[in-house]
Every structure is written in structure tokens, then in C-alpha cells.
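Visitor: There's a structure below that I have some questions on.
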Amino acid sequence: MDSDHTYAGSGLWEAQLAGERILVIDDSKAIRSILRDMILGPQGYQVITAQDGQQGIDHALKEHPDLILTDVSMPRMDGIEVLRRLRDAHYEWPVILMTFHGSEEIAVQAFRLGVRDYIRKPFTVEEVLTCVERALVESRLRREREALMRRLEIANYQLNRQVAELTALYAIGQAVTAVLDVDKLLNRIVEASVYLCHAETGALYLVDQESDSLYLKASLDAGTKSAHSARLKVEKGLVVDAVRTGKPALLTSETPSAGLQVREEYVAYALVNVPLVVKREVIGVLSVANCDRQRDFYEADVTRLSGLANYAAIAIENARLYEATRKVVAAEVLNHTVVTISHYINNPLMALMMNIDELAHDCQDGGSGDIGEQVGKAARFTKMKIEEISSVISILRDIASPQLVTYMDDIKMIDIEHKVRERLHYLRSKYQA
């Protein structure tokens, strides 16, 4: 049917106008053919025609042409009624009215209904093209504005999404770096990686500094809510490649190696490996994977996981430094305790030995005074020193007593000096009474 025919030609204005669609509504087949085949089509326009007003409205609302040319006088529905129907349907694209000489009053009415321009029949090629070009300026500006608005909406959406992701990543990073217990830290990092990338599984591998071997240290498997600690040596595979190259790796469902067995438990169809780097040295790998073919990973997931890996590497290094420092402090506390206890045991032992030596010397020389009284004093002195030694040793037992021990983090602390002096003061007061 004639109403379904479109024409796309090439001509003088093709570079500027190609692709714009114009709907011609006229009951005259000759007028439709002239506009389509001789005037508009050769200039690069795509032309749609309709033989009456109702058919024209159907085309307009279904195909949304860039411009409508409609005749005023048509059977069944004239051009003015077409304009009313388009206005009621909130149609916003420009309309040009085609009238005969002497129908200016109708043109005024048409302008009130939103028509952009009108041309009189019979018209010339130049008149039609000039009027069409003038009307399409607004249409082009509208399209450009709508395209700009769409791009702006997309840019705003992407920006808001990136801000939300960065905010979430920052919050996760803060939470991760606040953990100093190594096992708890590794598990939390794995849980965060699965959450950020919407992955099914996650794993964290660390390079053992002494053996230079790679070990699986924490993992979260599909269907579980929390990660668990592990120690499994890994000698080959993509995760080892990530340590060697120091670069992230993305495996998607379209990658030729998709369906690779990552661990004995599962086969991954999508995988992201990101190295953990501290001072240009790879200390481990953070990995997420999907076993479902329908769940893929993209470059954005690599970016998110890399951001988390930066926080994770710092947090792991801090936790290791803290652990090393804690062990040094614990050693110093133990050393102080041993030195203090030794001091307070050695002193009474030395005094006891000197007293015995003095008593033995007096007895050997047949010294003056009552020997029995001297032996009694020596026995009393010996008993006091033995009790002093016993008291100091009992303090060693107190170190293991939660009721008498204070803590620096998880390191046991006890005020040895205070405890010893308190006990010795009591004993000396007892024997001097």
C-alpha cells in the first residue's frame, strides 16, 4: 500500500539531513508522490506517507517522525482535527500545514493548535525545502537536547554508582585496617571481596616469607556466609601466575580457558585474581570466582577488587608488625619477671649462706657467748629467709592467676616489684616482732 512506502535518496543536503523522517499526510496520491519522490526523498529524507488523517495519526504515534506535513482538506478527518488529536496525545514534534490560497483563517486556527509553519498549494520545490529546513531546526535541537539529557543521566548514574562504590570500599577498607588479629583479618578480607564483586566464592593466598611458598590462608565457599581459615600449599595454577607476574587476571565465561578447575572443590567459569603488593613485593593474591556460567565478571570488578587489595595488603602488613611487636613485648615482660624473681630469690639465699658461714666460723673458733643462743638465732634467720624465698616462688604461681593478673592486649602483666616487697615487708615485720 502507498501509505507503507518510504523513500531514502541522496542529494544536495544528504550530509546534513540524512536519516530524518518526515510523515506526509494527504489524500492526493499525486501530492504524496511528488513530495516523496521528487522533493524530499532526493534530499536524503526518509519519507512516510498516509492517505488520510486517521492513518496519519496512527503513523505519527507509532513511528514518531521528526516532522509531519499534513493537508488541511481531507475526507474522514481534516488537518485541523489531526492537529487536535496530536495535541491531545501530547505529540511534540513539529507539524507543517499544507493549505490552498484563501485558507489563511484556517492557518491561524492551526497555529493555535501548535502547527509550526504552513505552505500554500501549489508550492515550489524551494518553498517546501525552505519550510522543512526551518521546521527541522527545532526538531534537531530537541533531539540534541534529549540526547544530551540522556548522556547526562547516564553520566550522573555512573558517577553516583562510582561514588557509592568508593564510599563502600572506603568503609570496608577502614573496617579491615582496624583488625589486628591476622586470622580474623584474612577472613574479613575474603568476605569483603565476595561482597564487593557479588561473587560466589572467595579466597586469600599468602606467600610464606621463610619457605617462599604460596598457601591458601582463608576462603569462603558458595552457600556459606562467613569465611574460614585454612593452610593449603598451592604450587601451580592461575593464582601462582598472579604472584609471578604481579598483575591482575580476569577470566570470563567467554575466555577460552573458562571452566578451569581452580580448587578441588569447584570449577570456575569466571575468576578475578588480584595480587597483594607491599613495597613492590607481592605478598599474596586475593581471588573471587563464580561457578555459575550466567554470573560473569568485568573490568569494574577488577578495579573494585584491586582497591580492596590495596587496603588488604596494608592491613596484613600492619597485623604482622603488630604480632611481631607483641611477641617482643611479651619477651621483655617475661625477661623482666625472671630477673625480678631471680633477684629476690638470690638475695635471701646469699644472706642465708653468709649467716651459716658466720655460725660455722664461730663454732670452729670456739667463739664467745652461748652457742645455743647463736644456733637459735641462725635457725630463726634461716626460717625467715626460707619463707621469703617461698613467698617469692608463690608469686610465680600468682602470674597464672586471672584474679591477680592485668593484661596489655593479650599479654599477661603483673607488678612483680610491688608483690614481692609487700610479702617481704609482712615477713620481716613478723620476725622482728
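Visitor: Does segment 330-340 include one or more residues that are modelled with pLDDT under 80 and either within 30 Å of residue 192 (Cβ to Cβ) or of a type in the set (Gly, Ala, Ser) (or both)?
Guide: Yes, there is a match, as at least one residue in segment 330-340 is modelled with pLDDT under 80 and either within 30 Å of residue 192 (Cβ to Cβ) or of a type in the set (Gly, Ala, Ser) (or both).
Visitor: If I ask for residues that are in a loop (DSSP other than H, G, I, E, B) and in contact (Cβ under 8 Å) with a residue 12 or more places away in the chain, which ones from segment 275-293 would you list? Steps first, answer last, please.
Guide: Initial filter on segment 275-293 (in a loop (DSSP other than H, G, I, E, B)): 279-280, 291-293.
Within segment 275-293, 291, 292, 293 meet the criteria.
Visitor: Just for segment 296-314: of the residues that are among the aliphatic types (A, V, I, L, M) and farther than 14 Å from residue 195 by Cβ, which one is modelled with the highest pLDDT? Explain how you work it out, then say what you get.
Guide: Narrowing segment 296-314 to residues among the aliphatic types (A, V, I, L, M): 300, 302, 305, 308-309, 312-314.
Within this subset, residues satisfying the condition of being farther than 14 Å from residue 195 by Cβ are 300, 302, 309, 313-314.
Working: 300: 87, 302: 91, 309: 87, 313: 86, 314: 84.
Out of the qualifying residues, it is 302.
Visitor: Within segment 284-300, can you find the residues that are of a type outside the set (Phe, Trp, Tyr) and surrounded by 22 or more Cβ atoms within 10 Å (Cβ to Cβ)?
Guide: Answer for segment 284-300, where residues must be of a type outside the set (Phe, Trp, Tyr) and surrounded by 22 or more Cβ atoms within 10 Å (Cβ to Cβ): 284, 285, 286, 287, 288, 289, 290.
The values are calculated or read from the model by the stated rules, or taken from the named source; none is laboratory data. Since this is a predicted model, take the numbers as computed values, not measurements. Please note: Cβ atoms are built from the backbone with ideal geometry, for glycine as well, and neighbour counts cover all protein chains shown.
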